[in-house]
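Peer 1: Attaching a single structure in structure tokens format; questions to follow.
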């Protein structure tokens, strides 16, 4: 065998919402198919897998279980910095792990803070405002139409046709709905009506960019609008909705990739990430958000689909992510030695 890899995760995607919770409250959590798929891929790569649920008992489980490295996909349980909780435990215990560090995970999940970093670094992103629960809401000089979503969620949680607002009354109603339902600030952005893309990235010093994937809106119902909603992700999964590689000119593809890499770098992402981009009225790429902990559901999530378009199997994708972390953490010699011992024993 190779290394002993601790697979850290949060199950619960299929759990029903509790009373008063929005229907997509568990959208970010993983299902068993993803956990099994990653585990099988790691074993395919020659590694031993130890399963650890990223819940309140994770600290004790990590202390009593020997692992060489953690493959972290934990979304966290609660709070605006929840994706950073398990990595913080791993760092305190001196356990290497895949993916971005504590600061990057906390920063990227707080979309308003991440956009302030983009602005400071001159990375194009839509103008925005953020509203805390109970705060007076107004457009603050932003140009309608505006787009409203939770400030600290992923997986298109809280995103629906109602997210696109065209006047002050709709803005107030939607911001209040988000802050009340998701118990967090609402992010309000100037809506960009151009094409939307996502770019998967693997690696560290040398980055591997996966084929650009487009989210096409011309096939979904007119009343839904050009919005990458939770409904869109769960109901419309045919290839015509997600052409990959996207049909773009070499010049536009280069600009999309350049912006994606700049956003990945400025937030300090490591090993894996996905950058969501939308074009403005001048066809200039703007960063919508960066996900340093992108979904890895086999055959469903954006990153595995983009990898498949590049001829990279799911097993290969998972092991490329792990290998990037192994190299970054200085574990390459240990992994090679473990493989040699396993081969000689067999």
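The values are calculated or read from the model by the stated rules, or taken from the named source; none is laboratory data. Fair warning: this is a prediction, and the values are worked out from it, not measured in the lab. Note that we place each Cβ from the backbone using ideal geometry, even for glycine, and neighbour counts take in every protein chain shown.
Peer 1: Give the residues of the range 259-309 that are within 17 Å of residue 243 (Cα to Cα) and in a loop (DSSP other than H, G, I, E, B), sorted by residue number. Reasoning before the result, please.
Peer 2: Going residue by residue through the range 259-309, those that are within 17 Å of residue 243 (Cα to Cα) are 274-279, 299-309.
Within the range 259-309, 299, 300, 301 meet the criteria.
Peer 1: Search the range 226-248 for residues being modelled with pLDDT under 80 and not in a helix (DSSP H, G or I), and hand back the single one that is nearest to the chain's Cα centre (by Cα). Reasoning before the result, please.
Peer 2: Just the residues of the range 226-248 that are modelled with pLDDT under 80, to begin with: 229-240.
This time we only want the ones that are not in a helix (DSSP H, G or I), so: 229, 236-238.
Working: 229: 15, 236: 19, 237: 18, 238: 21 Å.
Here the residue is 229.
Peer 1: Would you mind finding the one in 214, 251, 208 that is part of a strand (DSSP E or B), surrounded by fewer than 17 Cβ atoms within 10 Å (Cβ to Cβ) and not assigned by TED's automatic domain parsing to the domain that holds residue 71?
Peer 2: Details: 214 fails: surrounded by fewer than 17 Cβ atoms within 10 Å (Cβ to Cβ); 251 fails: part of a strand (DSSP E or B).
Unique residue meeting the criteria: 208.
Peer 1: Scan the range 164-177 and tell me whether some residue there is assigned to a loop (DSSP other than H, G, I, E, B) and either at pLDDT below 95 or more than 21 Å from the chain's Cα centre (by Cα) (or both). Walk me through how you get there before you give the answer.
Peer 2: Initial filter on the range 164-177 (assigned to a loop (DSSP other than H, G, I, E, B)): 166-167.
Going one step further and asking which of them are either at pLDDT below 95 or more than 21 Å from the chain's Cα centre (by Cα) (or both), we end up with 166-167.
The answer is yes, given that some residue of the range 164-177 is assigned to a loop (DSSP other than H, G, I, E, B) and either at pLDDT below 95 or more than 21 Å from the chain's Cα centre (by Cα) (or both).
Peer 1: Of the residues 41, 112, 106, which is in a helix (DSSP H, G or I), surrounded by fewer than 21 Cβ atoms within 10 Å (Cβ to Cβ) and modelled with pLDDT of 95 or more? Can you show your working first?
Peer 2: Numbers: 41 fails: surrounded by fewer than 21 Cβ atoms within 10 Å (Cβ to Cβ); 106 fails: surrounded by fewer than 21 Cβ atoms within 10 Å (Cβ to Cβ).
So the residue among 41, 112, 106 that is in a helix (DSSP H, G or I), surrounded by fewer than 21 Cβ atoms within 10 Å (Cβ to Cβ) and modelled with pLDDT of 95 or more is 112.
Peer 1: Somewhere in the range 22-33, is a residue modelled with pLDDT of 95 or more and under 18 Å from residue 319 (Cα atoms)? Walk me through it before giving the result.
Peer 2: Quick first cut of the range 22-33, residues modelled with pLDDT of 95 or more only: none.
No, the range 22-33 contains no residue that is modelled with pLDDT of 95 or more and under 18 Å from residue 319 (Cα atoms).
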